Amino acid sequence: MKHIKQNTVILGGGLTGLSAGLILKENATILEKNARPGGLVQTVNRNGYWFDHVIHLLHFRDDVTEAIIKDLLKDDLFPIAPLAYVETTEGVGKYPLQMNLRGLNKEAITKTLTDLAKVSFNIKHDSAENFEDMLRKSFGEYFCKLFMFPYNNKVWKRPLNSLAPSGFQWNIDQPNFEQVLNGALSDNSDFESYNANAWYPSPKDDSKVKGMEFLSYRLSKEVSDLRLNHTVKSIHLENKTVVAQHGNEEIEISYSNKCLSTIPLPHLIDICQDIDPKFKSAKSALKYNRVLSIMISIEGPRPENTGHWRYYGQSDICFTRLVFMHTFDPKLAPENGWGLLVEVIEPSEWPIRQSDEIINEVLEDIGKVNAIPDDCQVIDKHLMVVDPAYVVFTNESKALVEELKTYFDKNDVKLLGRYGQWEYSSMAQVMRDGFEWAKNLI
């Protein structure tokens with residue numbers, strides 16, 4: 001076994017790990033199991049059609065992260081004002097739908113406003129007991145039945161009343177009644193949603209990396225010791241060592257300072273050799289969902305007025321969202337074609353179905369919503385499984401995560417990232433966390 005001594009070791013070469021590595025430089029070794037860096041932020045090239053694993057946009061919330069990333073990507077990063085639509089059984093409206101009710105029929109608008117008024121002007125303001133209760137108290141019964149309940153049932157595929165009332169709905173707040181009313185009467189152009197100002201890479205034509213993976217690629221060029229194809233096999237808290245497998249070779253890294261873990265928290269518990277045994281049995285509370293990303297390459301005229309993506313609340317449609325990749329960067333497909341990214345979400349503990357079964361179901365439902373025009377032809381389709389994708393929050397899991405954070409912190413292991421600290425976070429947020437943590441070590 002090969003032995004290495006290092007100041008800091010970073011488990012996982014996603015955005016959080018790469019951001020910390022950018023600051024720490026030669027004082028950190030990053031271990032990444034895949035052949036390419038980026039974790040979830042990767043882009044697949046299917047014969048000239050590019051698809052992000054799951055669509056991401058950059059939304060900067062602090063000046064420091066924004067300055068670092070803009071300096072890194074320079075003129076390859078472009079502003080984008082995302083336009084999304086929500087399709088329901090009672091009409092189509094801009095996202096967020098509650099602020100753009102005008103696209104619904106009059107009866108749906110009336111019922112939504114009536115129920116929203118009841119909850120908006122309720123003087124009791126009781127705290128929500130669970131996720132379902134939170135949605136009902138935020139939006140009213142009718143709007144929940146129209147969109148919030150069927151859509152979130154498709155996303156989580158678990159009883160909504162079994163989920164925690166907070167933690168993963170960072171973009172769900174009780175709407176302002178006056179703003180909702182404005183959106184019902186006219187085009188609510190004055191309302192700015194949480195993701196109104198965004199950024200997406202558009203590198204030069206000859207770039208070997210496109211899509212959002214260009215961000216991961218550029219970050220990876222700024223770190224000193226990134227080890228790809230290195231699978232972390234074990235971590236020993238007491239003697240501060242990590243063992244990784246690289247091909248047929250095992251490598252032991254001793255770290256004198258800290259370990260940063262961005263790998264999925266349940267997996268970290270599994271490979272931690274001297275962890276308190278109670279956490280081994282408790283980790284079953286950490287549930288998560290996977291995303292089945294179906295990449296469809298299409299030849300023919302690019303459709304107009306689709307928006308960047310469209311949400312589907314109908315319970316008889318298997319997917320939650322259709323993403324039109326060419327709207328983010330025209331160079332993500334040949335000039336005579338376009339890429340359609342389809343998202344189907346399901347619990348990770350479910351048995352995975354055959355690829356053909358999933359793709360055929362998706363194509364049938366695409367036909368129901370007329371997403372592919374008659375003058376276009378599907379020339380390629382491919383399933384990619386993103387697992388884990390969305391962490392599931394329950395009151396039990398939230399308490400466990402907080403206990404684990406404290407435990408690992410006492411043992412010089414910092415948990416960060418969406419899966420490392422079990423949270424619903426944006427790309428800018430996890431990069432900021434990586435930058436700040438690393439700066440505090442210096």
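Out of the residues in the stretch 240-284 meeting the condition of being hydroxyl-bearing (S, T, Y) and in contact with a Lys or Arg (Cβ under 8 Å, 6 or more places away or on another chain), tell me which one is nearest to Y407 (Cα to Cα). Of everything passing the filter in the stretch 240-284, S261 is nearest to Y407 (Cα to Cα). Scanning the stretch 294-309 for residues that are farther than 24 Å from L97 by Cα and under 22 Å from the mean Cα position of the chain (by Cα) yields I294, M295, I296.
Among the residues of the stretch 334-344, which ones are more than 15 Å from the chain's Cα centre (by Cα) and buried (at least 23 other Cβ atoms within 10 Å of the Cβ)?
Applying the first criterion (more than 15 Å from the chain's Cα centre (by Cα)) to the stretch 334-344 yields 334-340.
Within the stretch 334-344, W338, G339, L340 meet the criteria.
The criterion of being of a type in the set (A, V, I, L, M), farther than 21 Å from Y95 by Cβ and crowded, with 19+ Cβ neighbours inside 10 Å does not hold for V323.
Can you tell me which residue in the stretch 121-140 is nearest to S162 (Cα to Cα), limited to those that are polar (S, T, N, Q) and modelled with pLDDT under 90? Step through it out loud before you land on a result.
Narrowing the stretch 121-140 to residues polar (S, T, N, Q): 122, 127, 130, 138.
Restricting the remaining residues to those that are modelled with pLDDT under 90 gives 122, 127.
Details: N122: 25, S127: 16 Å.
Residue satisfying both the conditions and the ranking: S127.
For the stretch 216-245, a residue qualifies if it is hydrophobic (A, V, I, L, M, F, W, C) and within 24 Å of the chain's Cα centre (by Cα), and the qualifying residues are L219, V223, L226, L228, V232.
Residues are listed down the side, and each one gets a yes or a no for (1) assigned by TED's automatic domain parsing to the domain that holds E299; (2) touching a residue at least 24 places away in the same chain (Cβ under 8 Å):
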{"residue": "I358", "(1), (2)": "yes, yes"}
{"residue": "E361", "(1), (2)": "yes, yes"}
{"residue": "I366", "(1), (2)": "yes, yes"}
{"residue": "N370", "(1), (2)": "yes, no"}
{"residue": "P373", "(1), (2)": "yes, yes"}
{"residue": "I379", "(1), (2)": "yes, yes"}
{"residue": "H382", "(1), (2)": "yes, yes"}
{"residue": "K398", "(1), (2)": "no, yes"}
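Would you pick out the residues in the stretch 62-91 that are assigned to a strand (DSSP E or B) and closer than 19 Å to K331 by Cα? Residues satisfying the conditions are L77, F78, P79, I80.
A Cβ distance below 9 Å, combined with a sequence gap of six or more or placement on separate chains, defines the contacts here; from the stretch 215-232, residues that are under 17 Å from P201 (Cα atoms) and at pLDDT 95 or above reach residues that are in a strand (DSSP E or B) and among the small types (G, A, S) in the pairs L215/G38; S216/G14; S216/G38; Y217/G38; L219/G38; S220/G38. Residue count for the stretch 153-211 under the criterion of being modelled with pLDDT under 90 and under 18 Å from the mean Cα position of the chain (by Cα): the result is 12. Screening N248, N289, N257 for residues that are under 24 Å from the mean Cα position of the chain (by Cα) and either surrounded by fewer than 20 Cβ atoms within 10 Å (Cβ to Cβ) or in contact (Cβ under 8 Å) with a residue 60 or more places away in the chain (or both) leaves exactly one candidate, N289. State whether one or more residues within the stretch 259-267 are modelled with pLDDT of 95 or more, in contact with a Ser or Thr (Cβ under 8 Å, 6 or more places away or on another chain), more than 30 Å from P351 (Cβ to Cβ) and not small (G, A, S). Within the stretch 259-267 (the criterion being modelled with pLDDT of 95 or more, in contact with a Ser or Thr (Cβ under 8 Å, 6 or more places away or on another chain), more than 30 Å from P351 (Cβ to Cβ) and not small (G, A, S)), the answer is yes, since at least one residue qualifies.
The values are calculated or read from the model by the stated rules, or taken from the named source; none is laboratory data. Remember, it's a predicted structure, so these values are computed and weren't measured experimentally. Neighbour counts run over all protein chains shown; Cβ positions are idealised from the backbone, glycine included.
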